[in-house]
Structure formats: structure tokens, C-alpha cells
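Coordinate-derived values only; no laboratory data. Note that the structure is a prediction, hence the values are computed from the model and not measured. Positions of Cβ are backbone-derived with ideal geometry, glycine not excepted, and every protein chain shown enters the neighbour counts.
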Amino acid sequence: MKIEDLKQEIIEYSKEIGIDKIGFASADVFSELKERLRRQQELGYQSGFEKGSIEERTEPKRLLPQAQSIISIAIAYPSRMKDAPKGTKENRRGIFCRASWGVDYHHVLKERLEKLEAFIKDKVAEASTKIMVDTGELSDRAVAERAGIGFSGKNASIITPEFGSFVYLGEMITNIPFIPDSPVEDSCGDCRKCLDACPTTALVDGGQLNAQRCIAFLTQTKDFLPEEFRSKIGNRVYGCDTCQQVCPKNKGIDFHIHPEFEPEPEVAKPKLKPMLRMSNREFKETFGHISGFWRGKKPLQRNAIIGLGHFKDKTAVEELIAVLQHDPRPVIRGTAAWSLGKIGTEEAIDAIKEAMEKEKDEQVLYEMEKGLAFQESTSTLN
């Protein structure tokens, strides 16, 4: 079979199995990306979640020695939630980013790619392949850009002409020498809405992200959250969509193509107080099927506690005191003390003072002092 005919058959089959966009790229070294990654490393902009060395992330032949091409796929997800529940003063809610609204996309894209892989190997017996979805060494964004899926925007996302940046990406390296597709022209122009709107100035310049300041990254960390970012996170439980929401290319974009990506309102916008009381089993039963659960219970719970402090939710004081007094994890106890200080009721302040007499952990004690400092600053202002 001719390579061009095979390519067309793959394109047609991809539509049948629920792939919204497919593109083909060469497996040449990503030289420009390699320099960018080195610069990123020098500046300390990496998240620490990256897999592999810079060479492995930019040289496809290190991952599949006989690599000739890379097939890139994109699947669209919704940007709006139907019948979204609203928080009340008694029941404040958090929010997961749109990319974590439905079933974990890693599983869905891997399953689509495996179907595509089986189709190719049925056509070409000697085909070699390697599949990756987000957690692989290659940069999904760099592959998608080269394959013509979309252009790399200033918000560090791939922006497609059809679906904006609300797409999941995955790829397959193969030894079949497909004719590459042409890249999409960058059309950000002079627009800098995403750079100006980023709550933490994580977008340094066009397409350059300082992951250490990105809320999407910060919500996934497990340690105490640096003080400067707590007020910026607000009620975000996982991820951040600000740079996508303000993008003009995403205006009016909202695709509900795949049922598995439809949000479960009570999961995507969960009540915050119940998250403080959930056992490990309850947490997994509630959130275990979404991508936002990959780091486990602790970060999500910490972020929920920060959210309650953000709202200054007086109805949460009892739950926060229970966490402060009984939770074995210093990060959770300390964050609860900080949040109680933000809320600042007499009961909350008394609880912090009482807990300080028994607390041994230095970091928790520091958070307790910060919690009490909120009250002192308020008293000074009054």
C-alpha cells in the first residue's frame, strides 16, 4: 500500500473512533525546543513533573530508534458546564479546571491511540510504534505544532482553528515515513490578554511558562503553598483556566462531542467543607476517575482549606478546628490554622492559640503565627 493511501485511511479511521483532529509530523530532532528547555532549566522554570532528559524529550529516535514520523491527535473537551451548581454562604464550592471535568483523559486518549495503533499494524505488519499521552517524554505541544494540529499560543497552549485550546493531545511515534503536514500559522499577533490576565505572572513572554508560578502547577504540589500564591488560588481545587478563558481564540468555543468528558457538576464544582471530612476511600470514590486526582487527596484537601479561608467562611470554623486538632499531616494542620486566621472569628483565634500549646512541628507553628497575625492586623486597622 502507498504511504499516502495509508495516511488517508488512518485519517478516515481516526474520525470513526472519536479523534477530532489528526496530524503527521517528521521525527526530526526538536532543535528549537531543546534550546528553550535548556533555557527553562537554567531559569528554574520547570515544574519537576517532566519525564526524561532534555535529549529524550527532543529526540524521538531515543524513544524509538527506527522513528520516521509522529502522529499527533487532538480531542476536544467542553468549556462550559450545563446546570452548574452555585455555591452559597453555607455551602461554598471549589472548582476543578475544565481539563479535569470528565473521565481522566489519559485513559481515553490512550485507548483511542491503541485502536489507531492496532489499525496501523493490521495494515503494515512491520510497523513499530510508541504511544504517549501527556506523561511521556515528548512535548505534546511541540509535536502538535509540528503536525499542524494548531499553533503554540502565548498562553503556552496549542490553539486549534476549530476547537480553540480546549483540546487534549497525544501522539504516536512510528517507523512509517508519512509525508508531514504543514504547521498552522501563529495568529496571536500583538494580543497579550493571557499574559496580562495571569494571576501570578507565570507567563513570562510569548509561549514561555514559569511553571513554579503557574497556579495549575501549584495546585498539584503537596507541601505548604507559598504565601504569595494563596490569595491568587482562590477557590481553585485543581488547575487554572484563566489564560484560556481570556483568549479571543476561545470566544464562543464549547464542544460537547464526547460523553466521557461531560462534567459531573458535583465533582467538577465540589462543596468544600465535605472535602475536609472525607476518608481516603471516599475521596477516591468521588474523585478517583478524574485527572485531577493523580496527586491524591492531600493537595486537593489543602486547596479546599485555602478556598474556605478565601471565602472567610464562618460556617467552616468547626470543621477547620477539627482538622487543626486531629489531622496527622503538618501541611493540612498548618493550612487549617492559616485559614482559621483568615476567617478570624473569636472561636477560630482561640482554637489556634490552644493548638499552639500542643503543636511540635515548626512549620505548623509558623502557620499558626501567620493565622494570628491576620487578627492583629485587623485589630490595628480598626
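Output the relative contact order of the range 248-380, whole-number percent, from Cα pairs under 8 angstrom with separation of 6+ residues. Could the numbers behind the result be given before it?
Details: 133 pairs, mean separation 25.2, N = 133.
This gives 19 percent for the range 248-380.
Would you list, by chain and number, the aspartates and glutamates whose Cα falls below 17 Å from the Cα of Lys7, excluding same-chain residues fewer than 8 positions away?
Candidates past the 8-residue exclusion: Glu16, Asp20, Glu114, Glu117, Asp122, Glu126, Glu171, Asp181.
Full extension from Thr88 to Gln245: what is 0.36 nm times the residue separation minus their Cα-Cα distance, to one decimal in nm?
Values: separation 157, 0.36 × 157 = 56.52 nm, distance 2.38 nm.
Computed gain between Thr88 and Gln245 is 54.1 nm.
Helix 362-381 versus the longest principal axis of the chain: what is the Cα-based angle in degrees, 0 to 90, to the nearest 10?
Approximately 70 degrees, to the nearest ten.
Would you tally the net charge around Ile257, using a Cβ to Cβ cut-off of less than 12 Å, leaving Ile257 out, and scoring K and R as +1, D and E as -1?
On the way: positive: Lys15, Lys21; negative: Asp20, Glu162, Asp254, Glu260, Glu262.
So the surrounding residues net to -3.
Going by how many other Cβ atoms sit within 10 Å of their own, how do Leu109, Leu43 line up, fewest first? If you can, show how the numbers build up before the last one.
Values: Leu109 24, Leu43 12.
In order of increasing Cβ crowding within 10 Å: Leu43, Leu109.
Would you order Ile179, Ile257, Ile95 from fewest to most other beta-carbon atoms within 10 Å of each residue's own beta-carbon? Each step should come with its number before you reach the end.
Details: Ile179 10, Ile257 13, Ile95 22.
Arranged by neighbour count, lowest to highest, Ile179, Ile257, Ile95 become Ile179, Ile257, Ile95.
Determine ³J(HN,Hα), in whole Hz, for all residues of the range 336-343 in sequence, where each value follows from phi through the Karplus function 6.51 cos²θ - 1.76 cosθ + 1.60 and θ = phi - 60°; x replaces Gly and Pro.
Going residue by residue, I get 4, 5, 4, 5, 4, x, 5, 5 Hz, with x marking Gly and Pro.
Roughly what angle does helix 297-311 make with the longest principal axis of the chain, taking Cα atoms, 0 to 90 degrees, to the nearest 10?
That helix lies at roughly 60 degrees to the long axis.
Any idea what the relative contact order of the range 203-323 is, in percent, if you count C-alpha pairs under 8 Å spaced at least 6 apart? Write down the numbers at each step before the final one.
Values: 89 pairs, mean separation 40.7, N = 121.
Averaging sequence separation for qualifying contacts and normalising by length gives 34 percent for the range 203-323.
Please order Val331, Val143 by the number of other Cβ within 10 Å, starting at the fewest.
Fewest to most other Cβ atoms nearby, the residues stand as Val331, Val143.
Dimensions of the chain along principal axes (Cα, Å, largest first)?
Principal axes ranked by extent give 77, 41, 38 Å for the Cα atoms.
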